[in-house]
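A short worksheet on the structure shown next.
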Amino acid sequence: LWAVEEEIEPKYREALAKGDHQAAATLDVDLWTSRVTPQVRERLIEIATENVHDDTNEPTRLLRQPDPPTFERLATIHVPTLMILGEHDLPGQFPMAERSHERISGSRLVTIAGADHIPSLSRQEEFNRTLASFLEEIGFR
């Protein structure tokens, strides 16, 4: 399920080790956002390049797993919940989203055709329609 990410990860870490933050950012952006316009891709690379230092500072050193684990607490969510995936997201995202959807009572899981990991950028109009429709259905104005 994560073969593509596992293939890219060593190249990403190598670019970081060499201090080539733009190359690392480009690998990351291209992995997750295959369906955005060239202009959006360039902006995402700029943002990722500016923030790639987060990965060089071993961000997981401060990570503490919640107890009980977050996934086990999803059933305690009792508010309208919309989960949106892109059709071209990484394969590993789909089973996670489906399992989350099963655990959150009354949640809605939508896959946007033609979108990648960031459907709000890769298929903006469809994303906005989906979100607006959901908000209208739950009475949010």
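Below are the figures for this structure:
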read-out	value
Some residue of the stretch 75-82 being open to solvent by less than 90 Å² (accessible area, probe 1.4 Å) and either closer than 18 Å to residue 117 by Cβ or modelled with pLDDT under 90 (or both)	yes
Count of the stretch 7-20 residues which are closer than 16 Å to residue 51 by Cβ and open to solvent by 60 Å² or more (accessible area, probe 1.4 Å)	1
Set 141, 108: member being out of contact with any strand residue (DSSP E or B) (no Cβ under 9 Å at 6 or more places or on another chain) and of a type outside the set (Gly, Ala, Ser)	141
Test: residue in the stretch 91-114 that is closer than 21 Å to residue 21 by Cβ and open to solvent by 50 Å² or more (accessible area, probe 1.4 Å)	no
Spans of helices (runs of 4 or more DSSP H) in the stretch 35-141 with at least 1 residues among the charged types (D, E, K, R)	38-51, 53-56, 93-103, 124-137
Checklist (1) small (Gly, Ala, Ser); (2) at pLDDT 90 or above; (3) surrounded by fewer than 13 Cβ atoms within 10 Å (Cβ to Cβ) applied to residue 3, failing item	(2)
Qualifying residue in the stretch 35-45 (condition: basic (Lys, Arg) and over 19 Å from residue 120 (Cα atoms))	no
Selection status of residue 71, under 19 Å from residue 127 (Cβ atoms) and open to solvent by less than 70 Å² (accessible area, probe 1.4 Å)	no
Count of the stretch 10-34 residues which are touching a His at 6+ places or on another chain (Cβ under 9 Å), in a helix (DSSP H, G or I) and closer than 21 Å to residue 92 by Cβ	2
Residue list for the stretch 38-54, restricted to those being without any contact (Cβ under 8 Å) to a residue 40 or more places away in the chain and among the β-branched types (Val, Ile, Thr)	45, 47, 49, 52
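The values are calculated or read from the model by the stated rules, or taken from the named source; none is laboratory data. Note that this is a predicted model, so its numbers are computed, not measured. Cβ coordinates were reconstructed from backbone atoms using ideal geometry, including for glycine residues, and neighbour counts include every protein chain displayed. Calculation scope for accessible area: heavy atoms of the full protein, side chains included, ligands and nucleic acids excluded. Shrake-Rupley method; radii C 1.70, N 1.55, O 1.52, S 1.80 Å.
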